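Have a look at the structure below, then the notes.
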């Protein structure tokens, strides 16, 4: 989790507050919504371990509002702390109970709590890559994730 957090920090540090409203396409999330989603994802580990599921029909979720890059990074650190603490406290037996994602009566997915954690990591990787495209389109050099990026290569 710490390894993924280090990569995520590098990416989130580059999000310019003056581009929070920017989006590469009308169907895309704004830079701010995408970055906030990425910053909140580590807390999914805590949610997965400490709840039996999520119901999008009844939840009262509103993305955290941030107005600066500093607030975005603070949100990420708060989310990471919550997720990391929950994972550190978890026992192996805590990973196997079922967890359900639903929209009212419609069940979207049933997975183990372990799979919820893996899903949160996969979502982080997916959306971090998406953020990399946003930054690239704005000509902001991006850091490597699992090796050097094209911006870090010496050709």
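Against the empirical curve 2.2 N^0.38 Å, the C-alpha radius of gyration of segment 76-136 lands at a ratio of 1.37.
Run the Debye formula on the Cα coordinates of segment 2-137, all scatterers equal and no solvent, and tell me log10 I(q)/I(0) at q = 0.09, 0.14, 0.17, 0.22 1/Å. Here the Debye-derived log intensity ratios amount to -0.28, -0.67, -0.95, -1.33. Under the simplified labelling scheme, the residue 70-residue 112 pair shows an inter-label distance of 4.4 nm, with each label point 7 Å from Cα along Cα→Cβ.
For the chain, relative contact order (Cα pairs under 8 Å, six or more residues apart, normalised by length) works out to 29 percent. Length available on full extension from residue 77 to residue 28: 0.36 nm per residue minus the Cα-Cα distance, which gives 15.1 nm.
Rounded to the nearest 500, the helix-only mean residue ellipticity at 222 nm of the chain stands at -16000 deg cm²/dmol, with each DSSP H run of n ≥ 4 adding -39,500 (n - 2.57).
Using Cα atoms only, what is the angle between the long axis of helix 31-40 and the major principal axis of the chain, expressed in degrees (0 to 90) to the nearest 10? Tilt relative to the chain: about 40 degrees.
Any idea how far the Cα center of segment 16-86 sits from the one of segment 89-126, in Å? Their Cα centres are 17 Å away from one another. Percent of Cα pairs in segment 103-155 per distance bin of 5 Å, from zero to the largest separation: 5, 16, 16, 17, 13, 10, 9, 8, 4, 2, 1, 0.
Helix 69-89 and the long axis of the chain differ in direction by around 30°, with both axes built from C-alpha atoms. Comparing mean-square fluctuations of 29, 59, 47 from a GNM of the chain with C-alpha springs under 10 Å, the top value falls on 59.
Against the chain, whose longest principal axis comes from its Cα atoms, helix 113-137 is set at around 20 degrees.
Bear in mind these aren't lab numbers, they're just calculated from the coordinates by the rules spelled out. Keep in mind that this is a model prediction, so the values were computed, not measured. We place every Cβ from the backbone using ideal geometry, glycine too, and count neighbours over all the protein chains shown.
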